[in-house]
1. Being at negative phi and modelled with pLDDT under 95 narrows it down to one residue among Glu103, Glu85, Glu134; which is it?
2. If you take the residues of the range 57-82 that are of a type in the set (D, E, K, R) and farther than 14 Å from Leu113 by Cα, which of them is surrounded by the most Cβ atoms within 10 Å (Cβ to Cβ)?
3. If you go through the range 83-106, how many residues are closer than 25 Å to Gln119 by Cβ, part of a loop (DSSP other than H, G, I, E, B) and either among the aliphatic types (A, V, I, L, M) or touching a Ser or Thr at 6+ places or on another chain (Cβ under 9 Å) (or both)?
4. Any residue at all in the range 38-47 that is among the basic types (Lys, Arg), assigned to a strand (DSSP E or B), at pLDDT 95 or above and under 30 Å from Asn137 (Cβ atoms)?
5. Only residues in the range 69-84 that are closer than 12 Å to Gly41 by Cα count as the first member; pair them with residues that are of a type in the set (D, E, K, R) and in a strand (DSSP E or B), Cβ under 8 angstrom, at least 6 apart or cross-chain, and list the lot.
Amino acid sequence: MHEEEDGNQANSCRASRIVVSRSVEVADSDAAKEQASKLCGYLNKLSGKGPLRGYKPRWFVYDPRKCYLYYFKTPQDALPLGHIEIGDASFSYDVEGEEGQFEIRTAGKEFLLKAPSRQVMHFWLQQLQQKRWEYSNTRVSSQRDSWSSPTMAYPPHRPRRQRRCARL
């Protein structure tokens, strides 16, 4: 995992927050998705190269339709700066590393993010894992798991099905 120091930690902590809200609209076919908690808020994202590399505050918004975590410069921006595909991502953090710092790895790309505290980092990681689990269970409804949550302590033992894939 990368270890970069953020020179202005006070500013990064002030700029970070989490907003969780519930929608009350039930007018259209996406009502169930809209009623689910919306995950959005500020995190610091490591970006740039060489001497310009550093953490920048970004507004993150989770989109349940694609299982993407979009990031913007501000909450008012209409177009995202980019996105992170959460559906097949892995999450990690160093227990002894910098407080609030965690990594999201996707196919071919790594994103280093920093929350203002370890507690906020754990919240984001739990929510992203939950959203990824919900997405994978709605995407392939015929292959749903019988257990209710990815955070279940001891899921029932089931023999794993072998997946066949061509390797080049």
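1. Glu134
2. Result: Asp63.
3. Of the residues in the range 83-106, 5 are closer than 25 Å to Gln119 by Cβ, part of a loop (DSSP other than H, G, I, E, B) and either among the aliphatic types (A, V, I, L, M) or touching a Ser or Thr at 6+ places or on another chain (Cβ under 9 Å) (or both).
4. So far as the range 38-47 goes, yes, one or more of its residues are among the basic types (Lys, Arg), assigned to a strand (DSSP E or B), at pLDDT 95 or above and under 30 Å from Asn137 (Cβ atoms).
5. Leu69/Asp63; Tyr70/Asp63; Tyr71/Lys45; Tyr71/Arg58; Phe72/Arg58; Lys73/Arg58
The values are calculated or read from the model by the stated rules, or taken from the named source; none is laboratory data. Being a predicted model, the structure only gives us computed values, none of them experimental. For neighbour counting, all protein chains shown are included, and Cβ atoms are generated from backbone atoms with ideal geometry for every residue, glycine included.
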